[in-house]
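The structure under discussion appears below in the form of structure tokens.
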Amino acid sequence: MNRNQLTLYAVIAVVAIVVLANSLFVVEQRQQALVLRFGEPVRVINAPRKPGAGLNVKAPFLENVIRFDRRNISLEAQQEEILASDQERLVVDAFIRYRITDPLLFYRTLRDERIAADRIERLVNSSLRQVLGSAPSDRIISDRAALMRAAREDVTRRAQASRFGIQVIDLRIRRADLPAQNQAAVFRRMQTDRQQEAARVRAVGEQQKREIIASADREVAVTLATAQEEGETTRGQGDALRTRIFAQSFGKDPGFAAFYRSMQAYEASLGQGDTTMVLSPDSAFFKYFDRGPSAR
């Protein structure tokens, strides 16, 4: 084999290696790839619902490969000064996490992740200005969770409308504070508002307490009056029944009437136990104490 043949074989081997190197490429599991032919996308590899991680083949020199991350991508938006609905200025610091779900749409709209970062950051800032700008500063500070949900939903709608080919995973407001020169005045106003609200609640509670006490007193008075009336009625009925029974008894036996009146006299004069009486032993007052045969 002469020198020319060796040179030819060497050239063929180099060309084969170059062709092979430009024909094979590897897509990692954490990546997704877009194959371009003369700058136009022809196929997607390892995107959602398009498996193909590992070794792949492309047309050498005619096609090239662009890789995108399949994992969640974090993007920190620059601090923005936002004007709340009460004309207070707030310094807002936020970040977003998203995932590329359609590499073809992502490439056609945003081309690469650097341009995507700029576009998405502007989208986040615009959404925060709209959502936070419609709320007063005290609500932005105290009710941040609800506003974050509203901003996330707004960013998701805008990204879908802009056909970015991404899925918004999360949007967080890390800081929403007043500029240092405004904090003291706003906190004093918030404190005054809370004190006024507390005073209002206490006044309402005091009024309700008075109404409850008055209602209870009225109910007690009505209940006592009703009970007294019922007692007097029952007592009157008992007295009438007793009088009727005594009258019937007196009519049947006059001696019982004398005996009963004597018992009442004994009770009135001797019932307390501290009465001293000086009477003759044969006094008629004591006739019912005599147990001899003449008394019977």
Any residue in region 142-168 that is modelled with pLDDT under 95 sitting within a Cβ distance under 6 Å of a residue that is among the acidic types (Asp, Glu)? List the pairs, counting only those 6 or more apart or interchain.
165/102
The correct count of residues that are surrounded by 14 or more Cβ atoms within 10 Å (Cβ to Cβ) and in a helix (DSSP H, G or I) in region 1-45 is 2
Some residue of region 266-280 being at pLDDT below 70, exposed (fewer than 10 other Cβ atoms within 10 Å of the Cβ) and in contact with a Ser or Thr (Cβ under 9 Å, 6 or more places away or on another chain):
yes
Helices (runs of 4 or more DSSP H) wholly inside region 46-145 that include at least 2 residues being of a type outside the set (Ser, Thr, Tyr) and more than 31 Å from the chain's Cα centre (by Cα):
103-110, 113-133
Can you pull out the residues in region 147-179 that are small (Gly, Ala, Ser) and farther than 10 Å from residue 131 by Cβ?
159, 161, 162, 165, 176
Are any residues in region 72-107 surrounded by fewer than 18 Cβ atoms within 10 Å (Cβ to Cβ) and within 14 Å of residue 47 (Cβ to Cβ), and if so, which ones?
99, 101, 104, 105
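The values are calculated or read from the model by the stated rules, or taken from the named source; none is laboratory data. Since we're looking at a predicted model, the values are computed, not measured. With ideal geometry, Cβ positions are generated from the backbone for all residues, glycine too; neighbour counts draw on all protein chains shown.
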